[in-house]
1. Where the only charges are on Cβ atoms (+1 Lys, Arg; -1 Asp, Glu), what is the dipole of the chain about its Cα centre, to the nearest 20 debye?
2. Using amide H atoms built 1.01 Å from N in the peptide plane, name the residues 5+ places from Gly183, or on other chains, whose amide H lies under 5 Å from its own.
3. Please turn the phi angles of segment 83-91 into ³J(HN,Hα) values with the Karplus equation 6.51 cos²θ - 1.76 cosθ + 1.60 (θ = phi - 60°), one per residue in order, whole Hz, x for glycine and proline.
4. Over segment 161-210, what percent of the accessible surface lies on carbon and sulfur atoms, probe 1.4 Å?
5. Heavy atoms only, probe 1.4 angstrom, no DNA, RNA or ligands counted: give me Arg201, Arg13, Arg171, Arg106 ranked by accessible area, highest first.
6. Which one of Ile116, Phe149, Gly66 is farthest out on the positive end of the charge dipole of segment 64-189, using unit charges on Cβ (Lys, Arg +1; Asp, Glu -1) and the Cα centre as origin?
7. Mind checking the dipole of segment 146-216: about its Cα centre, +1 per Lys or Arg Cβ, -1 per Asp or Glu Cβ, Debye to the nearest 20?
8. Taking the Cα centre of segment 1-118 as the origin, how large is its charge dipole in debye, to the nearest 20, when only Lys and Arg (+1) and Asp and Glu (-1) carry charge on their Cβ atoms?
Amino acid sequence: MGLADFIDHTNLRPSANIADIQKLCKEAKTYGFYAVCVNGCNVPIAKKTLKNTSVKVAAVIGFPLGAMSTKAKVFEAKDCIENGADEIDMVINIGWMKSEMYDAVRDEIKVIKQAIGDKILKVIIETCYLTEPEKEKACALAVEAHADFVKTSTGFGTGGATFEDVKLMKRIVGEKAKIKASGGVKDKGTALQYIELGVSRIGTSSGPKLLKQEAP
C-alpha cells in the first residue's frame, strides 16, 4: 500500500462550495486516495463526481461538537448512507464523556453502528478535550460498541492528532479497531510516522501536497 491508500482527502470547511467539493473529488481520483471526507450536505455531489471510481465517500455526523441528541445523529447517519456515503465519521458526546456517562456514550455509538449496518463507522473522540484516562475509556467504549475505527480529532478543536495519542489509542484498541489520525497532518514525514505507529487512515486536506513531497 502506498501513502495515497491511507488518505481520506478532506474538506469540511463551512464555506466549501460545490466547486470546492468537485475539486476535492477530482484530486482524490487523480491521486488515488482511499476516500473523500465531506459534510453531509455534500455527499450527493461527492457521490456523483466519484461515480465509477474506487474512491469512497465518508460523511461526518454530529460534527464538530458531538452535542446533538442521539436521535438526531442516527437520522443524520442514515440520511448520509441513503445519499451514497460509504463511511460515517461521528463525534462522540464529549460532555457525556466528561460527565462519566459511559453507558450513554457507548449506547450512542452502538445505535449509530446498528443504523448504518455494514458501513464503516469511525468514532472521533476529540483527544484535545480529554484527559489520558478519558481517552483510554473513550477508545474502550468505541470497541465495546463495535465501531470500526477510533479517530483522534475533528480538526476544529483546540488541537489535532499527536503521536502520543495515537500510541495510547493503539495500546487500548489493539487489533479490535483501526485508528484514524486527523487534524494537523500537513507533511509527508508526519504522515509516514503515523503509519509506522499503526494508523490505517489519515484525514488531511493536504493530500496532494503530501504525495508531491520527497520522503524525509
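The values are calculated or read from the model by the stated rules, or taken from the named source; none is laboratory data. Since we're looking at a predicted model, the values are computed, not measured. In this analysis, Cβ positions are derived from the backbone assuming ideal geometry, glycine residues included, and neighbour counts consider all displayed protein chains. Heads up: the accessible areas ignore ligands, DNA and RNA and are worked out on the full protein's heavy atoms, side chains in. Shrake-Rupley method; radii C 1.70, N 1.55, O 1.52, S 1.80 Å.
1. With only Lys, Arg, Asp and Glu charged at Cβ, the dipole is about 560 debye.
2. Result for Gly183 returns Ala161, Gly203.
3. 3J(HN,Hα) across segment 83-91, in whole Hz: 8, x, 5, 9, 9, 10, 10, 9, 9.
4. Carbon plus sulfur share of accessible area: 48 percent.
5. Sorted by accessible area, descending: Arg171, Arg13, Arg106, Arg201.
6. Phe149
7. Once rounded to the nearest 20, the dipole reads 120 debye.
8. Here segment 1-118 has a charge dipole of around 340 debye.
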